[in-house]
Amino acid sequence: MSLAAATALAAPVTTTAAGSHGFLSPTGVEITFLLVGLVTFGAAIVTVTTRQLVHAALWLVVALGGLAVEYLLLTAEFIAWVQVLIYVGSVVVLLLFGLMLTRAPIGRSPDADSGNRWAALTVALAAAAALVWVVVDAFRTTWVDLAGPASGSTEVTGASLFQNWVLPFEALSVLLLAALVGAIVLSRKAKSAEKEEAR
């Protein structure tokens, strides 16, 4: 049997397998992906609407953890663990340290609402619509086989990250360090002002 004949025989099987899957027959992974996505979306909404800063930081942990689960469901385990280690671990801890060092209020804070809710909502909806449009346009015909081998392996993703994205990666670490130093400077200014008022 020639190669062309074997390809012709295998082509209808591939088309049938791809064509049998659709939105009316979701798999367990897709249902889990949708449910985790809804929980993550709800946690993100609570993060930006609560008036308690510590609660906002803790709901941010839930939102970022939900994103890590979504990455795991998409077989991108390296990105999932980076999400857990860097964002859930480092960024949220940095935010909590910043709240402690600047002596932010623990309870409800009326200063947490700037009064620009409609402008913020408009910008958020426009950014979300643009992101959805770009992603759908870029990956419209792409089929991800979630049941197959993991496509986001540590070796491939790490090589791409540290070859093509090493400068933004390092710039982010410098920004985080600058934020921590800024929080320390603000806390020291507040302490010196309190000492002068006490005199």
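Yes/no matrix, rows are residues, columns are (1) in a helix (DSSP H, G or I); (2) modelled with pLDDT under 85; (3) within 20 Å of T157 (Cβ to Cβ); (4) open to solvent by less than 80 Å² (accessible area, probe 1.4 Å):
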| site | (1), (2), (3), (4) |
| --- | --- |
| P26 | no, yes, no, yes |
| V36 | yes, no, no, yes |
| V61 | yes, no, no, yes |
| A80 | yes, no, yes, yes |
| L85 | yes, no, yes, no |
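Name the helices (runs of 4 or more DSSP H) wholly inside the range 92-199 in which the number of residues that are modelled with pLDDT under 75 and open to solvent by less than 70 Å² (accessible area, probe 1.4 Å) is 3 or more. Can you show your working first?
Working: elements: 92-101, 117-138, 154-164, 166-198.
Those helices (runs of 4 or more DSSP H) span 154-164, 166-198.
Pairs please, first residue from the range 33-60 and within 19 Å of G115 (Cα to Cα), second anywhere and open to solvent by less than 50 Å² (accessible area, probe 1.4 Å) and among the polar types (S, T, N, Q), Cβ atoms under 8 Å, 6+ apart in sequence or on different chains.
Going by the 8 Å Cβ cut-off, the qualifying pairs are R51/S109; Q52/S109; L53/S109; A56/T47; A56/T50.
The values are calculated or read from the model by the stated rules, or taken from the named source; none is laboratory data. Just so you know, these numbers come straight off a predicted model, no measurement behind them. Counting neighbours? That spans all protein chains shown, and the Cβs are built from the backbone with ideal geometry, glycine included. Just the protein is used for accessible areas: all its heavy atoms, side chains included, with ligands, DNA and RNA removed. Shrake-Rupley method; radii C 1.70, N 1.55, O 1.52, S 1.80 Å.
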